[in-house]
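Inspection log for the structure reproduced underneath, given as structure tokens.
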Amino acid sequence: MAHIKWTDELSVGIGAIDKQHRRIIEYVNKLHDNMNDRRAMAEVLADTIEYTESHFGFEETMLEAAGYPYLQEHKRTHDLFVRRIEEYKERFEAGEDIGKELHDALVHWLAKHIKSEDTDCSVSLIAKFGREEAAISRMEKNRLGKSWFTRLFAY
């Protein structure tokens, strides 16, 4: 598979989350570009994992603030994804050539997750808070989302 291209079909309608999804796509595309450079790939893989975990935390904090009824199921999906990516990382560190397999898995999972689970979540977030700014403001008033990743990604 080639690069993932951002399309309106991937938008969930919440600017902060769309911005984070775009950044994850950039990381996935960097993985593709660096498949033949193990050192660069190790760095991009670590950055991808770190950023994705931060994004998941941000998303879960917003869903908790909205009282999303399927938060635990959504969180489980995130947790399974992180474990799967950690397994790829372990295989990579053991010397396996996982570049193409990892890239293809990320492309498939990311598109599917955004188009189904994240789109469903965004409907609840928008219904609860209205505009994105209201959601972030409400989170801050409730002292939710005060972690570094929310401050970094929310604005």
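For this structure, a couple of remarks:
- Qualifying residue in region 6-13 (condition: closer than 18 Å to SER122 by Cα, aliphatic (A, V, I, L, M) and at pLDDT below 90): yes
- Among the numbered conditions (1) buried (at least 17 other Cβ atoms within 10 Å of the Cβ); (2) in a helix (DSSP H, G or I), the only one that ILE4 does not meet is (2).
- Selected residue (only one of HIS55, HIS32 is under 15 Å from LEU110 (Cβ atoms) and open to solvent by less than 30 Å² (accessible area, probe 1.4 Å)): HIS55
- Within region 87-112, the residues that satisfy the criterion of being in contact with a helix residue (DSSP H, G or I) (Cβ under 7 Å, 6 or more places away or on another chain), in a helix (DSSP H, G or I) and not small (Gly, Ala, Ser) are TYR88, LYS89, PHE92, LEU102, HIS103, LEU106, VAL107, TRP109, LEU110.
- Scanning region 65-104 for residues that are within 24 Å of LEU31 (Cβ to Cβ), touching a residue at least 60 places away in the same chain (Cβ under 8 Å) and crowded, with 17+ Cβ neighbours inside 10 Å yields GLY99, LEU102, HIS103.
The values are calculated or read from the model by the stated rules, or taken from the named source; none is laboratory data. Since the structure is predicted, the reported quantities are computational estimates derived from the model, not experimental observations. When we count neighbours, we look across all protein chains shown, and the Cβ atoms used for this are built from the backbone with ideal geometry, even at glycine. Heavy atoms of the whole protein, side chains included, go into the accessibility calculation; ligands, DNA and RNA do not. Shrake-Rupley method; radii C 1.70, N 1.55, O 1.52, S 1.80 Å.
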